[in-house]
Amino acid sequence: MRPSIIIKTGDITKEKACAIVNAANSSLMGGGGVDGAIHRAGGSQILEACRIIRKEQYPDGLPTGEAVATTAGKMPAEYVIHTVGPIYHQCDGKCAALLASCYTHSLKKAAQLGCREIAFPAISTGIYGYPKEEAAKIAYEAVKCFLDDGHTMEVRFVFHNSDDKEIFEKALQHS
């Protein structure tokens, strides 16, 4: 398998990939947007796994830029990799590094799990307010760097609508 990047519209909760990435909040207890959709689609197994992670590893919540994995519950994926993106107006000049870290740590976690395909949403571009064009460039660069490092994985970017998909495609053309 050759490394590849696929950009598409769809429902990330229906992706048949080894792992899907959840744009989580630090509590890992679910929320709105992609986070809520993943928790609803996957069922109680995800929440239970997140409770254990909070109890055993991250009692104060998952730090921004880090990633942890749980079961995907009732979804077709095997795993959910939860990562916490930066809140754009609260990251004091560290936004780009923190956002890149979300992608890098998620990819590393997927590789550790033996995954050959992973699906990402647009991390931090919803309620966390990250400008979509800038976020797309950072996401692409982080993924490209990981794949250029010799990792063989299919990386999918799954967008809820065609407008967001087009923003990402344009950002890639200018990279």
### Message
For the structure I just gave you, tell me whether A41 is within 15 Å of the chain's Cα centre (by Cα) and among the aliphatic types (A, V, I, L, M).
### Response
no
### Single unsatisfied condition, E117 versus (1) surrounded by 21 or more Cβ atoms within 10 Å (Cβ to Cβ); (2) farther than 23 Å from P86 by Cα
(1)
### Query
Of the residues in the stretch 9-38, how many are assigned to a helix (DSSP H, G or I), within 14 Å of the chain's Cα centre (by Cα), of a type outside the set (A, V, I, L, M, F, W, C) and at pLDDT 95 or above?
3
### Wholly within the stretch 62-175, helices (runs of 4 or more DSSP H) carrying at least 3 residues that are of a type in the set (A, V, I, L, M) and under 25 Å from K14 (Cα atoms)
95-112, 132-148
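Looking at S101, S4, S106 in this structure, which one is within 19 Å of F159 (Cβ to Cβ), out of contact with any helix residue (DSSP H, G or I) (no Cβ under 6 Å at 6 or more places or on another chain) and surrounded by 21 or more Cβ atoms within 10 Å (Cβ to Cβ)?
Details: S101 fails: within 19 Å of F159 (Cβ to Cβ); S4 fails: surrounded by 21 or more Cβ atoms within 10 Å (Cβ to Cβ).
So the residue among S101, S4, S106 that is within 19 Å of F159 (Cβ to Cβ), out of contact with any helix residue (DSSP H, G or I) (no Cβ under 6 Å at 6 or more places or on another chain) and surrounded by 21 or more Cβ atoms within 10 Å (Cβ to Cβ) is S106.
Of these, G114, G126, which one is touching a residue at least 40 places away in the same chain (Cβ under 8 Å) and at positive phi?
Values: G126 fails: at positive phi.
Being touching a residue at least 40 places away in the same chain (Cβ under 8 Å) and at positive phi holds for just one of G114, G126, which is G114.
The values are calculated or read from the model by the stated rules, or taken from the named source; none is laboratory data. What you see is a predicted model, and the numbers here were worked out from it, not measured in a lab. Positions of Cβ are backbone-derived with ideal geometry, glycine not excepted, and every protein chain shown enters the neighbour counts.
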